[in-house]
Structure formats: C-alpha cells, structure tokens
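Written below as structure tokens is the structure these notes are about.
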Amino acid sequence: MQTIYTDVLVIGAGLAGERAAIEAGQAGLSAICLSLVPARRSHSSAAQGGMQAALGNSVMGEGDSPDVHFQDTVKGSDWGCDQEVARLFAETAPVEMRRLAFWGVPWNRVVPGPSIYYKAGKEYEKVESQERRGLITARSFGGTAKWRTCYVSDGTGHSVLFTVDNRCAELGVEVHDKTEALSLIHDGRTCFGAVSRSLRSGELRVYLAKATMIATGGFGRIYQNTTNAVICDGGGHIAALDTGVVPMGNMEAVQFHPTGIVPTDILVTEGCRGDGGTLLDVNEERFMDKYEPEKAELASRDVVSRWMTHHIRQGLGVKSPYGDHLWLDIRHLGEAHITGKLREVYEICTSFLGLDPIRQLIPVRPTQHYSMGGVRTDKNGAVYGLKGLFAAGEAACWDMHGFNRLGGNSLAETVVAGGIVGRRIVDHVQGGEVLFNSAVIDAEVKRQRERLDGLISGRNGSENVYKVRAAMQQALQKGCNIFRDETGLSECVASLEEILERARRVGLKTNGAGASPELYAALRIQGQVKLALCVALGALKRTESRGSHNREDYPARNDRDWLVRTLAYWRNPDDGLPVLEYEPASPSYELPPGDRGYGKSEIISAEQGD
Amino acid sequence: MPRLLKFNIFRYNPQDPGSKPHMDSFVLEETDSMTLFIALNRIREEQDPSLQFDFCCRAGICGSCGMVVNGRPGLACHTKTVDLPGDVTLLPLPVFRLVGDLSVDTGAWFREMYNKVESWIHTSKSFDQSAVEERMDNEVAEQIYELDRCVECGCCVAACGTARLRDDFLGAVALNRIARFAVDPRDERTDRDYYEIIGNDRGIFGCMGLLACEDVCPKNLPLQNQLGFLRRKMGITAIKTLFRR
Ligand SMILES: Cc1cc2nc3c(=O)[nH]c(=O)nc-3n(C[C@H](O)[C@H](O)[C@H](O)COP(=O)(O)OP(=O)(O)OC[C@H]3O[C@@H](n4cnc5c(N)ncnc54)[C@H](O)[C@@H]3O)c2cc1C
Ligand code: SF4
Ligand code: SF4
Ligand code: FES
C-alpha cells in the first residue's frame, strides 16, 4: 500500500480547493489536491455567469460598497446566514478579484462611453466614465442592488480556474487527479488524512497530512434533474458524515435554478435574465412582472423558480414529452450580443437542443442547482467535530448563503473562502506537530478494503446500484422539491429509509477490476442515500418557509422558532436516520431580520408572542 | 419508428488480466435529443456496467469526453446522434495513455505541458493588496480570453500527425497556450524566452501546418492564425538569435 505524506491534503481541485492550496504553497508548505478529474475539469469551470465583488467600477455599480453587498447577501439568505461570515466575505471579495487579475484572469474591463443594456425586456442607455477606463467591470445578476458581478465573457469559472490552476502549477502544488477520497482517517478527535482509490488502477492509497480540507463541491447528483456535473455526487460530504462526529449544516437548503434547459438540465446562465432576457408562458406572454412588479425576472432565484413552478401549476406551462416547461426569450438581445457575451448559451442551444436562440425560444424549467448546506465549519473554515479538518466552497456550510445564495456569490465564495481558510490552514500546520497513530490508519484501511471486497464478492446482496440510485433520485424529486409539505416529505423520508436498506445490499455485476465505474457508483450509494435523508428529514422538521425551503403548509418565515441552523449527524453507520440538532443562525445580527423586499412577505417575527 | 443505433466500442481494461483489446457492439433505440452522453450512460446502466468513459459537465465546457467518433476526434457530450449514421464506432483518443475502454489519461499529459511551456504569468511585480488593479483595455482582455477558451480536451493533439509520430511534440494546444501569454501584457516574457521553449522541432518548427488541429477543435479556436503568428515571430527571433552569435 502506497502511503503519501504531505503538510496539507486538499480533497478537491476546484476553485475552493486550489485557492486554499495556493496559500499553503506560498507559505512553503507541501500541498496535494485530490480530484476525480483533471483539476481544470472541476465543476467550477462550468460557472458561466460571474463573481460578485463590490468594486463599484461600472457606472451601474456606483455607490456600491461591501456594506451593500453584505446587505444583499443577508437578505438573499432570508436571514439564514451567519452574518459575521457574510461580512467577512463582502469585505474580502474586492481584493480577491484584484488578486485574480494579478495572476492572469482576463476580466472584462470598463469601456468608456455610451452603451445599450436591457432590463426586463426594455432598452436603456448607460454611459461609462472615461476615468474608470480599463478597470474591472461588472454586470447585473439576480437579487442584487447594484451591478456587481465581475465576469470574463461567459466563461468566468473556466478562466478563473485555469488561472488558479496555473498558479498551482507554478508553485508546485501537486494535483493527483483520477483519485477518489473514500474516507477520512481520524480517531474521533483529530483528522489525519484520507484513504483514497486510484481511478486509473483501482488501487487504494493512504494520504497522511497535518491538515486535511474538504473542497469537493456540491451534491446535486442525488437529485434527478440537476445542473450539476456528473461528478458532483457528494463524495466529500459522505466521508465527513461517515465519521459520526461531523455534522452537515442546513442540508434542507437546496437551491433550484430557474433556467435549466429541457431535457438535459444544462444551465443557461442567469446572465441571460440579467442582460434583459424574459420568461414567457404557453401564450408567449410574460408573467414575472405580474408576480414581482419591481424586480420581475431579476428577483432572487428561489423567488423566480417558485413563481415558475406556480405558473406551470396554473396550467400555463408548455407541454412537452419531457414534462411542462416555460420559455426563455433572449431574441431581442440581438445576434451580436448573443454570439458575443452570451456565446456559451448560444452554443448550448445549437449543440444540445438544435435550436437558434437568436430566432427561437429556449425551453426551460427550474432544476436543482446549488447546495447551500454542507460540511459545517466555523468562520475560519474549521470543521465542527474534528481537529485538523477544514472545508470550503460549495461542499462547506461556512454559511454566508443561509437559505438562498445569490447568483455570483458562490463562485466568489470559493476564492474568498479558499484564501481565508487556506491561511488558517497554514497557521494550523505551522502551529504544532501532529502524531500519526498507525493503529488508526491500519484500521481505516482495513475497513475500506472490507467494504470493497463486500461489494465485489456480492456477500451483502445483489441489488443493482443504478436502480437504487434512480429510486433515491426519484424519491427526492417527488417529495423534496421546490414546494414541500408534510405529506410529501414524510413519504419521501419513509421511502428513503427503505432505499437505504436496499443500498446496504448492493453487489456488483462485474468483477470490479481497475477504475470500475460500477464499483465507483457502489462505493458511494449508501452515503448518498444518507445525504438524501439529511435533506429530507431536515426539510420535514423545519416547519416554516425560508429562502428556497418552501413549505406549503407553513408559508411564513418563522423567526421566532426557526432562526436556527440544522445540524445533521449520522452517529453510527448502521443507523436508519440522522440525528438533528440546532444552533442559532448567526452569532449576531448586524442586519436584524426583516423584509427582503421581494418574494412572499409573511413573517413571524422573533418578538411576536404565541 | 425510432432508429436502432449500433455502437461499436473499443474495449480493453489494462488492469484486468483477463482483458484483451477488442471491439464490442451494443444496440440502442434512439430517443429525442439523444447525445453520446445519454447513449453511453444507458449502455453502462442497462447493458454493461464495466464500460469505461469520461464525462463531467456533459455540456461541452470541461473537455473531459474527447473520443474518436467514426474516425474523428470530438467531444462525445457535444455529439447528437441525429447527426450520426446508424453505425457508430467509438475509439479512445490516441497519443494519450489508455486508462480503459474510451477513457484516457489527459490529466498527466496536460500537467506536463503546463510545466514545459510554463503556463503561468511571469512577472517581477508582486501583488499589492491596497492598490487598485492595473488597467487593461477591454479589447486586450477579450483577445486573451479568445485564446484562453481552450478546454484541454486533447482533440487537436489526437488529430495531429506530428504528435502521433513523436511523443515530445508540444501540439497545437501548447502553442496556443504560448500565444495566449504572448498577447497578455502582464506576462513579461520576451520573444527570446518563448523561443527557448518552442523554437525547435518539438515546438513550432515541428508543425507541418496541415491544420487537422483547427479542423477538430470543438471550441473553434483560431489555431491556424496562432500557429502562423508564432511561426513568423519565432522565425524572426531565430534570425535575430543567429546574428547575435
Ligand atoms: C452550471 C452551473 C453554473 C454556475 N454558475 C455560477 C456563476 O455564474 N456564479 C457563481 O457564483 N456560481 C455559479 N455556480 C456555482 C459554482 O460554480 C459552484 O458552487 C462552485 O464552482 C463550486 O466550487 P468548488 O471549488 O466548491 O467545487 P468544484 O469546482 O465542484 O470542485 C470540486 C472538486 O472536488 C473533487 N472531488 C469531488 N469528490 C471527490 C472525491 N470523493 N475525492 C476526490 N476529489 C473529489 C472534484 O474532482 C473537483 O476537483 C454554478 C454552478 C453550476 C452547476
Ligand atoms: S497544423 Fe501543426 S499542430 Fe496542427 S495538426 Fe498539423 S502538425 Fe499538428
Ligand atoms: S485547442 Fe481546441 S482541440 Fe485543442 S485542446 Fe484546446 S479546445 Fe481541445
Ligand atoms: S463532459 Fe464536459 S465537455 Fe463533454
């Protein structure tokens, strides 16, 4: 068995993981990132829209500041976020954008003079100042008071990830790609690294580290329809949950994106609506302006997704063999804009749908998009429950997003949190020695070997992993979607409990040799069903509506009883359900809970008596 | 009546002592808006769970799914079955090391490439937290992005005669990378520095200029222009170098 020793082990080579590894590299520490795919193929590369930071260079961002960004973020979160973290984020974001520019990101820049922009389908003119020529510019994105989203045409995630990976290569940060982390090595108090499997040879490998970080992105693939890449399957969350001592925060906080294309659920960027794209129904009429007169299509995405689903339920969706959908109209933005700033969208329509968005409408529906919940950390990125374990990015519940994250805030989070947590990791490693206990390491390796053998030999049963996975995805899709209620959620939890039993009886059809995709799927199926149960049980117990968590039977946001974060633990591997605990949403409320100014406004305030 | 599609797929798992290179066929009924992503996953889930291939974004963005489709390298997720005949032959990309079936090791190849061309901004400056960013014309930013769009799928390398003949050839993707840094004012490298890297047979002078690379690039990168640009630039640098001696 190969054992590799490093100062810092980062599980995940997306933006959050690599950004943190850079801090380690710059401090002279050795750092290794593990990744399922070559670093640059990580899901961060798929983010087209941009990153929010209050630089205020564009004329449309005048008067912007970290204060305003902070307020937008807290309102967006429906007061579910940790306000100290949101503050830290908003203050740090502008410097981080400049740092990325220094490393080589080709941000779009301010072009002085007049230009046309669209808002809610109407044409307006803006005039950029001569004085700001060449500074980093911004575009509009859902749910923000100012134009604040820095972008690189429509390949922001791609360009930033390439730049960050270039910086890693320069510093000698290693990336071990085609490697999956299976479990964490720990003694119940401290984390010592991870057991992994090579997706080239199938061999197990041990990584020992003074600090370990989880930066494995989202877990959207536990849903049936999702914009997430196929590798966003929760591997890091599973490793953390399996320790029994690390909680998942707010797993019920799942965001749906208004514009996934039908049928493949590929996302078309919010930039389409930001730039003036509109949503139309079966009669090719706009409807968002009726539900949300002020923000219309630009309201935050949980609000837009909810009204879209509502409108479809009113019978105003477009029928198709893949279910009902609505239309996204960007035709009026014109050929130059669509093939320029929105080129990726143009390519998606022509390549995957065979339609031309300059002349035709795009079929869209709300689809799972982002996991606000995840591995719970404190504001330094230190994971609850284990020393030496950190997390950042979408995998983490650092918690600046609460119950709804704003477009452009998560890509920004990856680099901001990656930088901050990376520095805390450096402090941690430089602050003391770690003693590795070989008995703990050997026991974990043995556990993983037995798990593999059990699946390959079929001694636990012969359930087909793909069928079990499909059952899990359907259960969530049906009972734990945009609109939720007691009946649907109870059924969902009950069927997931059964599906967990089936997951425990999975056995391979093949011999599992080498990378073995079947073994890959089988190794995570139990963990995925457990994550699904954390989502569904959290949603069932939370008897209020907040951000993207919408209970039809409890439509009000209830600050009196539910201004809290759910913490889900899986104490023993054989348990059938997670244990839920709660903690205050925020240590302090710089911005006291109030009205978001969009969406439903029924609120049970903390001051209200029974 | 939907078509029945026949997929002839290269099979070999080097990690399995019982496995020998061969072709397998699978038959699927075509469905609406079917791509090779949908087809291959169905084959794996319904017919042969050992079938190896790589997808990630399934949206033509991440470059994971390069393979040879009926003789032509391309992105599988980006390939609609309506555009294909009823018989589809799928092979792994050549040049890259085979992992199994249709899956190849692009990660290791590209990491080596970054190190050879030093794929990062070379600057003597250091970052100043308190300063406003250096200005850049938007046009320049867009020029850089135009070349930064490469998704490192490896299709251009797989299609390149030179790359298949000599494994030290850098390939169009690496030459494009150099061009990306050459247009970036933040990179302080001179033509002489670039010449050290690509002014030889492994680099720009090894290229035969037949442009199979540009032909297959799924991102339509202007590889022809970039190769021409570098050839001229490096030609001039070569002459200057001679005179300096
Ligand atoms: C289509 C789409 C568009 C988006 N657009 C925007 C946008 O415009 N603006 C915005 O702010 N946000 C956007 N988001 C959200 C944003 O892209 C993600 O939240 C963010 O990129 C996550 O980055 P990350 O570094 O946390 O994880 P990722 O980039 O997902 O990286 C995860 C890494 O972990 C690795 N990994 C996973 N599991 C394992 C394992 N078991 N073992 C080893 N390695 C593992 C992966 O290989 C990968 O390297 C978008 C999301 C989607 C789905
Ligand atoms: S033009 Fe040059 S790089 Fe492109 S395929 Fe031909 S030899 Fe290869
Ligand atoms: S240049 Fe084109 S073909 Fe070559 S790796 Fe980049 S995107 Fe792929
Ligand atoms: S899977 Fe990402 S490009 Fe095909």
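Within the stretch A:219-278, work out how many residues are charged (D, E, K, R) and either closer than 29 Å to A:E180 by Cα or within 14 Å of chain B (Cβ to nearest Cβ) (or both).
Taking the stretch A:219-278 and keeping what is charged (D, E, K, R), we get A:221, A:233, A:242, A:252, A:265, A:270, A:273, A:275.
Now restrict to residues that are either closer than 29 Å to A:E180 by Cα or within 14 Å of chain B (Cβ to nearest Cβ) (or both): A:221, A:233, A:242, A:252, A:265.
Result for the stretch A:219-278: 5.
Mind checking which strands (runs of 3 or more DSSP E) fall wholly inside the stretch B:34-135 and carry at least 1 residues that are open to solvent by 20 Å² or more (accessible area, probe 1.4 Å) and hydrophobic (A, V, I, L, M, F, W, C)?
On the way: elements: B:66-69, B:72-75, B:87-91, B:97-100, B:103-105.
Qualifying strands (runs of 3 or more DSSP E): B:87-91, B:97-100.
Test each condition in (1) among the acidic types (D, E); (2) in contact with an Asp or Glu (Cβ under 7 Å, 6 or more places away or on another chain); (3) at pLDDT below 95 for A:D82 and report the one that comes out false.
Unmet for A:D82, out of (1) among the acidic types (D, E); (2) in contact with an Asp or Glu (Cβ under 7 Å, 6 or more places away or on another chain); (3) at pLDDT below 95: (3).
Please give the number of the condition B:A182 fails out of (1) open to solvent by 10 Å² or more (accessible area, probe 1.4 Å); (2) within 10 Å of another protein chain (Cβ to nearest Cβ); (3) away from ligand 2 (no atom under 16 Å from the Cβ).
(2)
Could you tell me how many of the residues in the stretch B:1-33 are assigned to a strand (DSSP E or B) and of a type in the set (D, E)?
Residues of the stretch B:1-33 assigned to a strand (DSSP E or B): B:4-11, B:22-29.
Imposing the further condition that a residue be of a type in the set (D, E) reduces the set to B:24, B:29.
Here the count works out to 2.
Give the number of residues within the stretch A:366-387 that are surrounded by fewer than 24 Cβ atoms within 10 Å (Cβ to Cβ) and not aromatic (F, W, Y).
The number of residues fulfilling the criteria is 7.
Test each condition in (1) within 9 Å of chain A (Cβ to nearest Cβ); (2) at pLDDT 95 or above; (3) farther than 30 Å from B:G199 by Cα for B:L90 and report the one that comes out false.
(1)
Could you tell me whether the stretch B:231-243 includes any residue that is under 30 Å from B:F55 (Cα atoms) and either away from every other protein chain (no Cβ under 14 Å) or away from ligand 3 (no atom under 15 Å from the Cβ) (or both)?
From the stretch B:231-243, those under 30 Å from B:F55 (Cα atoms) are none; that's our starting set.
No: zero hits.
Using beta carbons and a limit of 9 Å, which pairs, at least six apart or on different chains, have the first residue in the stretch A:300-323 and at positive phi and the second one outside any helix (DSSP H, G or I)?
These pairs meet every condition: A:G315/A:V282; A:G315/A:D324; A:G323/A:V262; A:G323/A:P263; A:G323/A:G317; A:G323/A:R365.
Please give the number of the condition B:W109 fails out of (1) away from ligand 3 (no atom under 11 Å from the Cβ); (2) closer than 30 Å to B:R44 by Cβ.
Status for B:W109: all satisfied but (1).
Considering only residues of the stretch A:194-216 that are within 20 Å of A:N380 (Cα to Cα), of a type in the set (G, A, S) and out of contact with any His (no Cβ under 9 Å at 6 or more places or on another chain), which is farthest from the other protein chains (Cβ to nearest Cβ)? Don't jump to the end; show me each part of the working.
As a first pass, look at the stretch A:194-216 and keep what is within 20 Å of A:N380 (Cα to Cα): A:209-216.
Narrowing further to those that are of a type in the set (G, A, S): A:209, A:211, A:215.
So of that shortlist, the ones also out of contact with any His (no Cβ under 9 Å at 6 or more places or on another chain) come out as A:209, A:215.
Numbers: A:A209: 21, A:A215: 16 Å.
Top of the filtered list is A:A209.
State whether one or more residues within the stretch B:156-179 are of a type outside the set (A, V, I, L, M), away from ligand 2 (no atom under 16 Å from the Cβ), surrounded by fewer than 24 Cβ atoms within 10 Å (Cβ to Cβ) and in contact (Cβ under 8 Å) with a residue 60 or more places away in the chain. Walk me through it before giving the result.
If we filter the stretch B:156-179 for residues that are of a type outside the set (A, V, I, L, M), which is where we start, we get B:156, B:160-162, B:164, B:166-169, B:171, B:176-177.
The next check asks that each one be away from ligand 2 (no atom under 16 Å from the Cβ); those that pass are none.
So far as the stretch B:156-179 goes, no, none of its residues is of a type outside the set (A, V, I, L, M), away from ligand 2 (no atom under 16 Å from the Cβ), surrounded by fewer than 24 Cβ atoms within 10 Å (Cβ to Cβ) and in contact (Cβ under 8 Å) with a residue 60 or more places away in the chain.
B:E139: under 16 Å from B:D215 (Cα atoms) and either within 12 Å of ligand 3 (Cβ to nearest atom) or at the interface with chain A (Cβ under 10 Å from one of its Cβ atoms) (or both), yes or no?
Details: under 16 Å from B:D215 (Cα atoms): no; either within 12 Å of ligand 3 (Cβ to nearest atom) or at the interface with chain A (Cβ under 10 Å from one of its Cβ atoms) (or both): yes.
Judged against the criteria, B:E139 is not a match.
Which ones in the stretch B:194-221 are part of a helix (DSSP H, G or I) and within 16 Å of ligand 4 (Cβ to nearest atom)? Even if it seems obvious, please write down each step before you answer.
Narrowing the stretch B:194-221 to residues part of a helix (DSSP H, G or I): B:194-198, B:204-206, B:212-216.
Of everything in the stretch B:194-221, just one residue is part of a helix (DSSP H, G or I) and within 16 Å of ligand 4 (Cβ to nearest atom), namely B:V216.
Cβ-Cβ distance below 7 Å, separation of 6 or more or different chains: which pairs start in the stretch B:36-56 with a residue that is facing another protein chain (nearest Cβ under 8 Å) and end on one that is open to solvent by 40 Å² or more (accessible area, probe 1.4 Å) and not aliphatic (A, V, I, L, M)?
Going by the 7 Å Cβ cut-off, the qualifying pairs are B:P49/A:K509.
Is there a residue being open to solvent by less than 30 Å² (accessible area, probe 1.4 Å), within 27 Å of A:D302 (Cα to Cα), in contact (Cβ under 8 Å) with a residue 60 or more places away in the chain and in contact with a Phe, Trp or Tyr (Cβ under 6 Å, 6 or more places away or on another chain) anywhere in the stretch A:91-103?
Looking for residues that are open to solvent by less than 30 Å² (accessible area, probe 1.4 Å), within 27 Å of A:D302 (Cα to Cα), in contact (Cβ under 8 Å) with a residue 60 or more places away in the chain and in contact with a Phe, Trp or Tyr (Cβ under 6 Å, 6 or more places away or on another chain), one finds none in the stretch A:91-103, hence no.
Kindly indicate the residue of the stretch A:340-353 that is open to solvent by 50 Å² or more (accessible area, probe 1.4 Å) and under 14 Å from B:N220 (Cβ atoms) and also modelled with the highest pLDDT among those meeting that condition.
Just the residues of the stretch A:340-353 that are open to solvent by 50 Å² or more (accessible area, probe 1.4 Å), to begin with: A:341, A:343, A:346.
Subset that is under 14 Å from B:N220 (Cβ atoms): A:343, A:346.
Values: A:R343: 80, A:Y346: 91.
The residue in question is A:Y346.
Of all residues in the stretch A:47-73 being open to solvent by less than 20 Å² (accessible area, probe 1.4 Å) and within 17 Å of the chain's Cα centre (by Cα), which is farthest from ligand 3 (Cβ to nearest atom)?
A:T73
What is the number of the single condition among (1) more than 24 Å from A:A443 (Cβ to Cβ); (2) open to solvent by less than 10 Å² (accessible area, probe 1.4 Å); (3) outside any strand (DSSP E or B) that A:Q224 does not meet?
(2)
The values are calculated or read from the model by the stated rules, or taken from the named source; none is laboratory data. Keep in mind that this is a model prediction, so the values were computed, not measured. Don't worry about glycine lacking a Cβ; one is built from the backbone with ideal geometry, like all the others, and counts go over all protein chains shown. Remember, those area values only see protein heavy atoms, side chains included, never the ligands or the DNA or RNA. Shrake-Rupley method; radii C 1.70, N 1.55, O 1.52, S 1.80 Å.
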